[in-house]
Amino acid sequence: MSFTTKVKEEISKLEIDLISARTELSAFIRYDAKINKDSITLIMENASVARRIYKIIKVLYQINIKVIVRNQKRFRAKQIYILEIKENINFILEDLSIYENNKKIEPQDYFLENDEDKIAFIKGLFLACGSVSDPKTSGYHLEFVVHFKKDAIFINKILKTLKLDSKILKRNNRYMIYLKSAEEISDVIKMFNAINSLFYFEDIRIYRDHKNMVNRLNNCEIANQEKTIKTGLKQLENIKYLKENDLLDLLDERSKDVALYREKYPDVSYNELAEIISMETGKKIGKSGINHCFIKIKDLVNRHQNK
């Protein structure tokens with residue numbers, strides 16, 4: 001079962017709120033129904049979604065709904081659920097603010113009063129044409145796919161008012177409104193009140209964030225090790241140059257000690273080198289002292305080479 005199916009099934013099992021049910025149904029029919037003069041036909045693959053839409057229509061309009069179940073064997077066997085409404089078509093479409101005086105209400109004229117209405121609308125939209133990727137198997141992605149650009153602009157505007165940074169992308173002959181932010185997708189699932197799906201999503205997100213942090217730390221450590229080795233090799237070259245040109249005695253005693261111990265321990269960091277020298281010679285030296293000695297060694301090499 002896909003994560004999208006899990007989220008939709010959890011939403012579908014929530015108690016029907018009569019205040020928001022009309023807005024939820026309006027979005028569902030607007031974006032996932034075949035509307036004719038004498039019928040409204042809804043075709044769904046998810047049994048839980050079909051049951052929820054059936055119940056909402058029954059509660060709101062107390063009409064007879066024809067239910068058809070078909071087995072589809074193309075690619076893979078699955079059942080298709082068809083709800084067919086043939087009563088009070090005009091009244092239902094007007095009550096749901098989809099049609100007025102037999103004319104379809106355009107998206108820009110569709111009015112949602114408050115955030116509760118907007119969330120109910122987005123919930124119905126998700127049940128109709130939404131999907132969300134499983135955070136365990138791929139990147140974070142939630143989308144709604146509609147046929148017309150004006151609908152995409154309208155939906156994008158609603159999401160923006162809910163403080164969600166959605167974007168629109170044309171894909172083939174349709175329009176996709178999508179979110180990529182894990183935090184915002186989590187907020188949407190929370191808006192749907194799909195608590196089990198939210199916990200699953202957050203558990204995976206926490207795990208992935210922790211894993212990414214560990215990888216970044218490991219990469220940082222590797223980069224530091226590489227930098228230490230590269231620096232050490234350059235310092236060994238400078239020490240070798242001083243030896244070959246009988247210049248080592250021009251250094252003070254501390255710098256000579258640092259040069260000697262760098263040859264012994266070519267791969268260690270400044271901190272580690274300082275600890276080794278302090279412990280073995282009894283002469284206290286810190287990281288800054290080590291750095292100062294290597295600056296002296298480098299300066300001596302540069303002066304001799306530039307003569």
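The values are calculated or read from the model by the stated rules, or taken from the named source; none is laboratory data. These figures come from a predicted structure and were not determined experimentally. Every residue, glycine as well, gets a Cβ built from its backbone with ideal geometry; the counts of neighbours run over all protein chains shown.
Name the residues in the range 283-302 that are at pLDDT below 85 and exposed (fewer than 14 other Cβ atoms within 10 Å of the Cβ), would you?
LYS283
Can you find a residue in the range 66-82 that is in contact (Cβ under 8 Å) with a residue 40 or more places away in the chain, in contact with a Lys or Arg (Cβ under 9 Å, 6 or more places away or on another chain) and assigned by TED's automatic domain parsing to the domain that holds ASP134?
yes
Among the residues of the range 1-58, write down those that are within 25 Å of the chain's Cα centre (by Cα), aliphatic (A, V, I, L, M) and over 24 Å from PHE111 (Cα atoms).
Across the range 1-58, the qualifying residues are MET1, VAL7.
So if I check each of ASN271, ASN215, ASN291, ASN224, which one is under 45 Å from the mean Cα position of the chain (by Cα) and under 30 Å from ALA182 (Cα atoms)?
ASN215
If I filter the range 221-280 down to residues being free of Cβ contacts under 8 Å to residues at least 60 places away in the same chain and among the aromatic types (Phe, Trp, Tyr), which single residue comes out as surrounded by the fewest Cβ atoms within 10 Å (Cβ to Cβ)?
Selected residue: TYR265.
Name, by its number, the condition in (1) surrounded by fewer than 18 Cβ atoms within 10 Å (Cβ to Cβ); (2) touching a residue at least 24 places away in the same chain (Cβ under 8 Å); (3) outside any helix (DSSP H, G or I); (4) of a type outside the set (Ser, Thr, Tyr) that does not hold for LEU169.
Every listed condition holds for LEU169 apart from (2).
Restricting to the range 214-233, name every residue that is at pLDDT 75 or above and not β-branched (Val, Ile, Thr).
ARG216, CYS220, LYS227, LYS230, LEU233
Say we look at the range 146-166 and pick out the residues that are farther than 21 Å from ILE105 by Cβ and of a type in the set (A, V, I, L, M, F, W, C); which of these is surrounded by the fewest Cβ atoms within 10 Å (Cβ to Cβ)?
Once the filter is applied, the top-ranked residue is LEU162.
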